[in-house]
Structures are given as C-alpha cells and as structure tokens.
Ligand code: P6P
C-alpha cells in the first residue's frame, strides 16, 4: 500500500515485509542509493558553475581537484554501497571489471550485487540537459562468503530483484521497483528528503511519442525504417510526436508518464546497438514490465537475453506495450 507524500524511508519500511527476500538488506541498499543520489544531485545541480568551480581536471574554488561528474558519480555510488557493507560486488559503466567487496572476509554474508550506470547522458551536462543514474540489483549465485565471480553479474534480467533510476531534471526523482510495481519519489531539496509523488507508475498501453535518433535513419535495419515511417504517416492517431532528449532516463520517464516508445536499434554503425544490456537495458526493461510496458531487442524480450560479457550492448525497444508490439511486427515482417 502506498500513500502520496510518504517519505522514501517510510515507504521502504512499510513495504519491506512485502518483499519476498525481506531481510532488511535490500532496504538498506535502496537507502544507500538514496544517499548517493542526493550527493550526486548536489554536484550535478552546480555543474553550470563550472567556470567558477573549475572544470574536470582543474581545481575548484576551494582548491580541490574538480572531477568529471561521471567519475564523481561513480565514486560516490561505489563508496556509499561499499561503506555501508551491503553488497558483495559492484559493476559500473565506469569500471572495466567488476569490483569484489570485502572478498577476503569470509564473514561477508552480503548476498546482493549491484550494476550501475552512474551518470547516463553525462555529455548533456555541458548543455544543461537532464541526466540520470541507472541501477540494477541481483542476488549473487555463487556461495556467500566467497569472492564474487563474473557469473554473479552475467545473470538474465529476469533474475533482477530490484532496479531503478535517478533523473536529475527540473526536479530530482528516484523511481524504482522491487518486483511489486513502480513508484516515483521526488526530492525536496530544501530538506533533502524524497517524497512519494508518483505511486504505482504505469505505461499507458498506447502512446503517440516516439524517441529515436533519426540522424541514424539510413543505418537502421529495414524493419525499424518501416516502423518510423508508420509513426510519421497521416493516418488514425498518427503522425506521432518525435521527442528525443538524448538522455535515456529522461526519454523513458516522459514516455512512462505520457505513453511512448524509445528505440536504440542496431545499425551499420552500431551492429549491437549502443546501450549496455546489464546496467541500462535490463533495469529499464524491469521497470517497463513492472509498469505494464514492454521491452525487447525487436525480437527477443530484453530480460530473456543471456548475457555473455559485462559491457555487452544490445538493440533496445522499450515503452508502451502496443507500440513495442507494433514495432516488433514491422521487424518480423521485414525479416520474412
Ligand atoms: P545518441 C547517453 O549517452 C545514452 O547512453 C542514452 O542516455 C541516450 O538515449 C543515448 O545514449 C543517446 O545516444 O547516439 O543518440 O547520441
């Protein structure tokens, strides 16, 4: 049960028992993400002062080394998750390999691993466009008390126990699921608390917004080209509106509220697409399905893809169920 204006802390406590693995660890994990999100939000919001506080590699007004924000965000999320001794392993877009936490401590009974994209869309910072953090949580598959292995991270998206994002936009929101629906919390910066502002978020089954980088049109597979032309036809409820922010979290968030589809297809430039399966596509796919939406690579359900490497890319079609199914229909027809 969720009540508007509940704080995130109250919501976690109230819903902890409904989480089948409820041992408090996952609640502490979400709480640590909440803390890191507030710290990163503070830095992201003052990025516009870069001439004053110093760009990456310079020193800021206090003479401290100014870090690139995605490096900063990466360090803050890893630090917070490690310091609170909640997880046994972390993988990040910013780290070549996964990080084993307290691997020498056989008393480390932590059973969760986290995969993160600490600051997705960070190239938008310089032009003051919203960016986001994406996270995905699994239970480890190797024995508790031993160092994690790659197998703990290469799990199908259907094995996720939690996933979510932070969108650093006109307001900062934390949106997440533990498999029992999707709830959105808005940060009140004056007091530093997240409040339940969007309970039980649902993708409308239909929508009239399509989000794709049409600059890549000539490189797309025929099925995607045909679907984009379908979106642009003067027929029934079309032409749809084209909206592409260049920040996955923001495009996804708007489409979930208004109805829409996001596409990052494979192309002759990106044969497997651009987005990463483990810490971009799978968490967004978990959220989409929990919100009555759909996600695939155009043929296979995103969360059924068997991962083969940590930074693997996959084509990504995600959003309102009927729009994704129409796109998949064009993909199938083009293959015949
Ligand atoms: P392009 C940001 O780099 C990102 O990973 C997503 O957030 C965004 O939707 C996409 O890539 C933008 O990529 O190639 O259209 O600039």
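In what sequence do 277, 35 fall when counting other Cβ within 10 Å, fewest first?
With the fewest neighbours first, 277, 35 line up as 35, 277.
Using a 10 Å cut-off around each Cβ, can you sort 236, 93, 75 from fewest to most neighbouring Cβ atoms?
If I rank by nearby Cβ atoms, fewest first, I get 236, 75, 93.
Principal axes first, then extents: for the Cα atoms of the stretch 88-185, list largest minus smallest coordinate on each axis, whole Å, largest first.
Cα spread of the stretch 88-185 along its principal axes, largest to smallest: 45, 32, 23 Å.
Out of all DSSP beta bridges in the stretch 209-335, what portion is antiparallel? Express it as a percent rounded to 5.
Rounded to the nearest five, the antiparallel share is 65 percent.
Run the simple label-point estimate for residue 270 and residue 235 please: 7 Å along Cα→C-beta, distance reported in nm.
Reported label-point gap for residue 270 and residue 235 is 2.9 nm.
Any idea what log10 I(q)/I(0) is at q = 0.07, 0.10, 0.11 Å⁻¹ for the chain, Debye with uniform C-alpha scatterers and no solvent?
Scattering profile of the chain, log10 relative to I(0): -0.28, -0.58, -0.71.
In percent, what relative contact order does the stretch 209-335 have, based on Cα pairs under 8 Å that are 6 or more apart in sequence?
This gives 30 percent for the stretch 209-335.
How do 26, 119 rank when sorted from fewest to most other Cβ atoms within 10 Å of their own Cβ?
The order, fewest Cβ neighbours first, is 26, 119.
Across the stretch 209-335, how large is the tail of the calculated P(r) beyond 18 Å, expressed as a percent of all Cα pairs?
Cα-Cα pairs of the stretch 209-335 separated by over 18 Å account for 48 percent.
None of the figures in this text is laboratory data; all of them are computed from the coordinates on show. Please read these numbers as outputs of a predicted model, since none were measured by experiment. Note: ideal-geometry Cβ built from the backbone for every residue, glycine included; neighbour counts use all protein chains shown.
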